[in-house]
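The values are calculated or read from the model by the stated rules, or taken from the named source; none is laboratory data. Everything numeric in this text was worked out from a predicted model, so none of it was measured. Note: ideal-geometry Cβ built from the backbone for every residue, glycine included; neighbour counts use all protein chains shown. Keep in mind that these areas ignore ligands, DNA and RNA; they rest on the heavy atoms of the full protein, side chains included. Shrake-Rupley method; radii C 1.70, N 1.55, O 1.52, S 1.80 Å.
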Amino acid sequence: MIDQTDDTTRRIVVGVDGSHGSKVALQWAMVQAHLTDATVEAVATWQEPALYGYGYGWVPATYEGESIATITAKVLDATIAEVSATMERPATVLPRVVEGHAAQVLPVAATGAQLLVVGSRGHGTFAGIMLGSVSQHCVQHAPCPVVVVPQS
């Protein structure tokens, strides 16, 4: 389950998957947080890939070494560090790694937030489309205003 911060805290939730689009969205969220005295909550999601085919008789895959959650946390931390290093006055960023699909997790994480910020495209299958499925779902279902940051 997602930990919610105190309702008195100004929060901007941003979806981060390590893609160029999510880095641009994180940077935008950090600038906005600085302007509005808010905290950025950077949310990265993960799923077990084997769950997709499990219903078709496929067996769950096993991984040697680090778990998907651990790898996701490392990518999130590295992305935050990379974006923060480019900013003169970076905002406070709280990393969150949550199991689930980003389209379902991000609107829940945005409950009580000032804004939900997503990139226009992430690491999805159809890189050529203007608005990805996650960002489109967030625009339609988030409980707060959504900013979709285009790639630069």
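Within region 88-117, the set of residues being modelled with pLDDT of 95 or more, open to solvent by less than 30 Å² (accessible area, probe 1.4 Å) and of a type in the set (A, V, I, L, M) comprises 93, 98, 105, 106, 109, 110, 113, 115, 116, 117.
For residue 29, the criteria (1) modelled with pLDDT under 90; (2) within 22 Å of residue 120 (Cβ to Cβ) hold in every case but one, which is (1). Scanning region 124-143 for residues being at pLDDT 90 or above, surrounded by 16 or more Cβ atoms within 10 Å (Cβ to Cβ) and either among the small types (Gly, Ala, Ser) or part of a loop (DSSP other than H, G, I, E, B) (or both) gives a total of 1.
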